[in-house]
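Encoded as structure tokens, the structure appears first; notes follow it.
The values are calculated or read from the model by the stated rules, or taken from the named source; none is laboratory data. It should be emphasised that the depicted structure is a prediction, and the values quoted were computed from it without experimental measurement. All Cβ positions, even for glycine, are placed from backbone atoms using ideal geometry, and neighbour counts span all protein chains on display. Remember, those area values only see protein heavy atoms, side chains included, never the ligands or the DNA or RNA. Shrake-Rupley method; radii C 1.70, N 1.55, O 1.52, S 1.80 Å.
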Amino acid sequence: MGDYVDPNETDPSKWRGSTPRDGRDGGRAAIRSVVERALATETPYQRTGTRVYGPAVVREEFDSRDYHHAKVYYDGGVTTDGGIKLLTRGYLWGDDERHQRYKSQYRRPPDPADEPPFGEYTVWNQYQFGTASRDAEGELVFEPDPDGSDEYVRSVDWGDLYTPVQGRLVELELVRNPPFARYRLDERGEWTGFGRPLTYDLGAFDAGP
């Protein structure tokens, strides 16, 4: 962790940090920091996207030996009062005929604002087994097994969430409370893994690098 910055500090310049160009350009930062971009983002905030994952990621990040591929749709947002909601839906499939589609929603209520981020999230999950295949146009088609479905609602600790889900929630937590989220990620030793990759993610936040 670098120099200490008060997690209540809202001056973007305090969070910028130094870059290799500092000293050659009068001290100007080469790019805006992640926290600066998050501070410039207004709520309500929403971001959607689709990701396709291969065998290595599915095996490691989704903790699965049964599936080799995943296609996931993300729809996440932060409400004006600071509530967080992330909806994901997608498919997991492999070599056998037992595949899965699912919907999951991850929630964190608004205030109290002093509730530390990256604690517990309320998770609703619905999944169904069946067979995934491609149609003539190459689109993914899912044939469900009417007897192979279930759903649950429970509180899930941050460390038990899938890594791709954690990455999406980090972005939302940074929008909700940038200094506190940065402080907590530094405290947990997770800034490099989750926060720093947002530096060059042009789709994140309302302001670019």
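What the table shows:
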read-out: Hits in region 56-83 (condition: surrounded by 15 or more Cβ atoms within 10 Å (Cβ to Cβ), assigned to a strand (DSSP E or B) and among the hydroxyl-bearing types (Ser, Thr, Tyr)); value: 74
read-out: Matching residues, region 102-149, being within 20 Å of residue 71 (Cβ to Cβ) and part of a loop (DSSP other than H, G, I, E, B); value: 135, 136, 137, 138, 139
read-out: Residue 143 vs. criteria open to solvent by 70 Å² or more (accessible area, probe 1.4 Å), touching a Ser or Thr at 6+ places or on another chain (Cβ under 9 Å), of a type outside the set (A, V, I, L, M, F, W, C) and over 24 Å from residue 165 (Cα atoms); value: yes
read-out: Some residue of region 150-158 being free of Cβ contacts under 8 Å to residues at least 12 places away in the same chain and part of a strand (DSSP E or B); value: no
read-out: Test: residue in region 159-176 that is within 22 Å of the chain's Cα centre (by Cα), assigned to a loop (DSSP other than H, G, I, E, B) and either touching a residue at least 12 places away in the same chain (Cβ under 8 Å) or crowded, with 19+ Cβ neighbours inside 10 Å (or both); value: yes
read-out: Among the candidates 162, 152, 106, 127, residue that is modelled with pLDDT of 95 or more and within 23 Å of residue 61 (Cα to Cα); value: 106
read-out: Among residues of region 177-195, those that are charged (D, E, K, R) and open to solvent by 50 Å² or more (accessible area, probe 1.4 Å), counted; value: 2
read-out: Pairs, first closer than 20 Å to residue 48 by Cβ and open to solvent by 30 Å² or more (accessible area, probe 1.4 Å) in region 85-113, second at pLDDT 85 or above and assigned to a loop (DSSP other than H, G, I, E, B), C-beta under 9 Å, six or more apart; value: 85/79; 107/83
read-out: Of the criteria (1) open to solvent by 20 Å² or more (accessible area, probe 1.4 Å); (2) touching a residue at least 60 places away in the same chain (Cβ under 8 Å), which one residue 202 fails; value: (2)
read-out: Which numbered condition residue 41 misses (of (1) at pLDDT 90 or above; (2) in a loop (DSSP other than H, G, I, E, B); (3) of a type in the set (Ser, Thr, Tyr); (4) closer than 18 Å to residue 130 by Cβ); value: (4)
